[in-house]
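Quick notes on the structure that follows.
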Amino acid sequence: MKRIENKGDLIPIKAFKEVTEFHGHVCPGSAIGYKAAEAGLNELESSASSDEEIVAIVENDSCAVDAIQVVTGCTFGKGNLIFLDHGKQVYTFYNRQTNDGVRVALKDSFSVDLLAPKLNQLRAKVHAGNATDLEREDLKNMVKDVANEILEIPYKNMFEVEHVEMEAPSKAKLFKSVKCSKCGEMVSENRTEILNDELVCIPCFKD
């Protein structure tokens, strides 16, 4: 358990090791997500969400999002992890209990390439199958070194942090399941379409 400083007491957050166990490996992306989550909880002066009180809105589906799930406790299943497909390293965190929101956006001055100029070139060589055993080992070590370096950077040096006023995101809703008239599989009623006056699932509607 790591502790982060805020204006008052120290807030405990999960260790990066737990992110790695969930994500499967160490990488710069998960380290960036860890720092974004640290920024969000710190600025909200909140601990991780035990239920639905913290909401995370993520604008990409990168490795960073796994870290945000682990650290903040926000998940798709609870309805408090919201995905916006913008392809941006931007994360907004909202506390339902205090109505506080904070937007965390990666600075354009921050770059993994600056931390490890040879990383992308070496990674491309490994993925192409042209690397030696030594180069593959070098890549693993380089990735770990970069991730560890990111973890030591103060989050305000990495992100633009802005407290924002926002409407509370809608809570997760429960919908009954109905049978698709075409394939026969069960589907959430709110995700059906009408085809020939019958309810069908989205794949069947597009077929």
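So is Thr72 modelled with pLDDT of 95 or more, surrounded by 14 or more Cβ atoms within 10 Å (Cβ to Cβ), of a type in the set (Ser, Thr, Tyr) and more than 26 Å from Asn141 (Cβ to Cβ) or not? The answer is yes for Thr72. For region 52-72, the set of residues classified as outside any helix (DSSP H, G or I) and β-branched (Val, Ile, Thr) consists of Ile54, Val55, Ile57, Val58, listed by residue number. Could you grab me the full set of residues in region 165-195 that are of a type in the set (Gly, Ala, Ser), out of contact with any Phe, Trp or Tyr (no Cβ under 6 Å at 6 or more places or on another chain) and not in a loop (DSSP other than H, G, I, E, B)? Correct list: Ser177 only. For region 155-171, the set of residues classified as loosely packed, with under 12 Cβ neighbours inside 10 Å and touching a Lys or Arg at 6+ places or on another chain (Cβ under 9 Å) consists of Asn157, His163, Val164, Ala168, Lys171, listed by residue number. Among the residues of region 17-51, those identified as more than 14 Å from the chain's Cα centre (by Cα) and assigned to a helix (DSSP H, G or I) are Lys17, Glu18, Glu21, Asn42, Glu43, Leu44. Under the condition of being under 12 Å from Lys107 (Cα atoms) and either assigned to a strand (DSSP E or B) or touching a Cys at 6+ places or on another chain (Cβ under 8 Å) (or both), the residues counted in region 145-161 number 3.
Per the listing Lys176, Lys182, the residue uniquely surrounded by 15 or more Cβ atoms within 10 Å (Cβ to Cβ) and in contact (Cβ under 8 Å) with a residue 12 or more places away in the chain is Lys182.
The values are calculated or read from the model by the stated rules, or taken from the named source; none is laboratory data. The structure displayed is predicted, hence computed values, not measured ones. Quick reminder, even Gly has a Cβ in these numbers, built from the backbone with ideal geometry, and neighbours come from all protein chains shown.
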